[in-house]
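Just so it is clear, none of the values below were taken in a lab; they were calculated from the coordinates. Fair warning: this is a prediction, and the values are worked out from it, not measured in the lab. All Cβ positions, even for glycine, are placed from backbone atoms using ideal geometry, and neighbour counts span all protein chains on display.
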Amino acid sequence: MESSVESSMVPRNPWNPPEGGFRAWLTVLASFVIQGLVFGINLSYSVIYFELQRILDADGVTDTSYKTSLVGSLSLGMTFAFSILAGILIDQFGYRTTAIIGGSLCLIGMLSSSFLIHHIEALYFTYGILFGCGASLSFNPSLAVLGLHFRKRIGLACGIVSAGASVFTFWLPPALGAMIPAIGLDWTLRVVSFLMMLIVVAALTFHVPAGAGVQGSERKKLELSNILNKENWKKKKFVIWTIGVPLALFGYFVPFVHMVKFVSINFPSNDGKILIMCIGVASAVGRVAFGMLSDHKRINRVLLQQISLFFIGVLTMLLVAANAWTYMILISLGIGIFDGCFISLIGPIAFDLCGPQGASQAIGFVNGLCAISVTLGPTIAGKLFDILHSYTLPFLLAGAPLILGALGLFSIMCVKS
């Protein structure tokens, strides 16, 4: 296989990244922590979901599956929706400033949520929108900044950084599960808000190498023609990828949000948090392994991402057919491996298609357009469960767009650079 995009796709840049060094690997470590905290909390929401729904049921709230899943869906959705704003802020004010603002919003959102666990409408704003916005302004710089330090090993760097989410997803569900019965959901969220301070500390280490020539080092006029990178939208392959990936992701986060509830119904003697941990561990392995693999010159990164989306869709559908706990573990491990592959390739593909100068907004726009998908998918699944009292149809429907989206991305190969 030839490279995922021809060299002519990448804008010429006379500056070459250092491909390592202390500051580069310190940036990787800081980004690892940021992505671990942001996505570790988001992907562990099924633990919070279970307890929050119990509290709302006790308060006499109706449609609790739908309303509780909407909180987590908003958080995930806003994490992606504000990515467009994050890309613009990065170009205007720099990576460090944007990430610090994001970490501060995460802290405020989570801390205020701890006082509002009996007020679901307020949680839509504090947990869903405020924390989600902060998460977006934190994680986008942590990914885009890597292109200033790496090019030949960008896949490895992105793989290591994105593995932070998997590592944190491994220990956060049992940690949250232990804290909630011991100190309550309110104090658990306060502990989490304290962890959000680490995002600000990590962002302080972000470094732009001399000569990088990125926009954040120069203050442009705040005019639309200067804010938006119009060159990205002249690249047909980028446009197809930016549209195709969000369409595929309608069912992507359904297992993450509803897994614990699904297990409590179908495997009541087992702990659903174990499956979230399995996904996290396997995803960590997949992110580093496929990140390294994608650095090989003969690997087609877009095709590799298509394969990952296809198998995530198939495995999501197979969850409803699993009649033994062993099968559930194997399916979860498979979802994790291919999740790692998909996530680790977002950054490298953006750098391939748009080059280092356009990567921050390329990442921001593809993530931003994913917001609708990741918000609606788990929410619709929760609403269907309230109606059907079964996860069979929700999980089958969740797998379909992943498979169709993966097949649709073949159109990239039909377009000239």
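Of note:
- Label separation (LEU404 vs TYR327): 2.6 nm, computed from points 7 Å beyond Cα along the C-beta direction.
- Sum of -39500 (n - 2.57) over DSSP H runs of 4+, divided by residues of the chain (222 nm, nearest 500): -25000 deg cm²/dmol
- Helix 301-318 vs. the chain, principal-axis angle (Cα, 0 to 90°, nearest 10): 10
- Volume per residue of the convex hull around the Cα atoms, evaluated for segment 116-205, comes out as 100 Å³.
- Estimated vicinal HN-Hα couplings, Hz - segment 113-119 in sequence order (Karplus 6.51, -1.76, 1.60; Gly, Pro = x): 5, 5, 9, 10, 5, 9, 10
- Segment 112-179: trypsin sites (Lys or Arg not before Pro) in DSSP loop, at most 16 other beta carbons within 10 Å: LYS152
- Under the Karplus curve 6.51 cos²θ - 1.76 cosθ + 1.60, θ = phi - 60°, whole-Hz ³J(HN,Hα) for segment 167-179, x wherever Gly or Pro sits: 4, 5, 5, 6, 9, 5, x, x, 5, 5, x, 7, 6
- Directionally averaged shadow of segment 64-111, computed from the convex hull of its alpha-carbon atoms, nm²: 3.6
- The local environment of GLY382, defined by Cβ-Cβ distances under 13 Å, has a net charge of +1 under the rule Lys, Arg +1 and Asp, Glu -1.
- Per-peptide packing, taken as the mean over residues of other Cβ atoms within 10 Å, places 74-80, 299-305, 268-274 in the sequence 74-80, 299-305, 268-274 from highest down.
- Against the chain, whose longest principal axis is taken from its Cα atoms, helix 83-93 shows a tilt of about 40°.
- Proxy reagent accessibility, fewest Cβ within 10 Å first, across GLU231, GLU121, GLU51: GLU121, GLU231, GLU51
- 29 Å Cα-Cα threshold exceeded, pairs from LYS67/LYS237; LYS152/LYS416; LYS273/LYS383; LYS152/LYS230; LYS152/LYS237; LYS67/LYS230: LYS67/LYS237; LYS67/LYS230
- Ranked by the mean number of other Cβ atoms within 10 Å of their residues, highest first, the peptides 36-43, 60-67 come out as 36-43, 60-67.
- Helix axis angle, 22-43 relative to the chain longest principal axis, alpha carbon, degrees: 30
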